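Coordinate-derived values only; no laboratory data. Predicted model, so just to flag it, every value in this text is computed and none were measured. So basically every Cβ, Gly included, is an ideal-geometry build from the backbone, and we count neighbours across all protein chains shown.
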Amino acid sequence: HLSKRLARAAAYVRPGDRLADIGSDHAYLPCALVLDHVISFAVAGEVVPGPFQSAKKQVESLNLKENIQVRLGDGLDVVSEEDQLTVITICGMGGHLIASILERATQQKKLNGQERLILQPNVDEYILRKWLVENQYAVTAEEILEEKGKFYEIIVAEKEEALPIAVTEKDLTYGFFLKEQQDPIFRKKWEKELKKREQVVENLKKAAIPQSEKIVSFNIQISEIKELLKK
Ligand code: SAM
């Protein structure tokens, strides 16, 4: 049974896709997709021996060795052209780490540009969106969800065919679709971020030596978030 977070990411995998799940840990995501008969081939990649063993155990105990290959290695080092991948999932890590995995894969020519990327950064969504845009990926879908008091974003991207559209800082910070959709969870996340910044400003003002530059910078963010939420 997948967590809501992983289930929402898995929903972007298409029937018959050939998947590489990088940072697979227990390989829950590929196992669920094979058990649900959505896919019949997956690579589960792990760089840390402990999670690698957990993934192997999980795949063996579910009798899925025919369908899921668990491989030890850094990022997409573990895949090759022969795998004929059509989708890559990288979930549950910081956006910075996800971007660095994709950057290394690009340099090693591990991506042919045909793969759909399903990414679920826990933090640093801005950095990840920036990497995607700078590497000619178009974000094709975005989702936000809340689980156990935490907010998670899912970003789906595909290599861009047409000329890229003009991308703004706001697109990168708040999300291309997320800021338009204004899902209640999205509003809740940014209400919370707004309060955090307001609190910081209060604290800075009360400090022995108020740092006015910092206060101004936070005030800019505060008015931007208010504008975003139309408050
Ligand atoms: N993807 C699962 C999920 O979303 O529930 C597991 C997330 S877990 C917090 C992150 C996993 O990524 C860890 O098991 C870690 O060992 C693995 N990891 C971190 N950096 C990696 C890399 N460069 N290549 C492969 N796996 C990596």
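Leu2 to Ile220: extension gain in nm, 0.36 nm per residue of separation minus the Cα-Cα distance? Write down the numbers at each step before the final one.
Values: separation 218, 0.36 × 218 = 78.48 nm, distance 3.95 nm.
Here the answer is 74.5 nm.
Using just its DSSP H runs of length 4 or more, each adding -39500 (n - 2.57), the chain gives a mean residue ellipticity at 222 nm of -13500 deg cm²/dmol after division by all residues.
Could you rank the peptides 214-226, 133-145, 62-74, 18-30 by their average count of other C-beta atoms within 10 Å per residue, with the highest value first? Numbers along the way, then the final one.
Working: 214-226: 14.6, 133-145: 18.1, 62-74: 16.3, 18-30: 24.0.
Top to bottom by mean Cβ count within 10 Å: 18-30, 133-145, 62-74, 214-226.
Cross-link partners for Lys65 among the lysines, with Cα-Cα distance under 27 Å and sequence neighbours closer than 8 places in the same chain left out: Lys4, Lys56, Lys57, Lys110.
Pairs of Lys residues in segment 186-228, spaced 8 or more positions apart or belonging to different chains, with C-alpha separations under 22 angstrom: 19 in total. Within segment 12-48, list the residues whose amide N lies under 19 Å from a label point set 7 Å along Cα→Cβ of Arg104. Output list for this probe position: 20-27, 43-48. Averaging the sequence gap over all C-alpha pairs within less than 8 Å and six or more residues apart, then dividing by the number of residues, gives segment 4-162 a relative contact order of 21 percent. Using the Karplus equation 6.51 cos²θ - 1.76 cosθ + 1.60 (θ = phi - 60°), what ³J(HN,Hα) coupling, rounded to whole Hz, does each residue of segment 99-110 give in order, writing x for Gly and Pro? Calculated HN-Hα couplings, in order: 4, 5, 5, 5, 5, 4, 5, 5, 5, 8, 6, 8 Hz. Phi angles of segment 36-51 translate, via the Karplus equation with coefficients 6.51, -1.76, 1.60 and θ = phi - 60°, into HN-Hα couplings of 7, 6, 7, 10, 10, 9, 8, 10, 10, x, 9, 9, 9, x, x, x Hz per residue; Gly and Pro are given as x.
Quick one: grab the alpha carbon gyration tensor of segment 186-228, order the square roots of its eigenvalues as a ≥ b ≥ c, and give me rounded if a/c is under 1.5, else prolate or oblate depending on whether a/b is larger than b/c. Mind dumping the intermediate values first?
On the way: a/c = 4.44, a/b = 1.99, b/c = 2.23.
Note, shape of segment 186-228 comes out oblate.
If the viscosity is 1.567 mPa s and the temperature 4 °C, what translational diffusion coefficient in µm²/s does Stokes-Einstein give for segment 122-193 when Rh comes from Kirkwood over Cα pairs? If you can, show how the numbers build up before the last one.
Values: Rh = 12.7 Å.
In µm²/s, the coefficient is 102.
What share of Cα pairs, in percent, lie more than 22 angstrom apart in segment 4-162? The proportion of pairs with Cα distances above 22 Å equals 36 percent.
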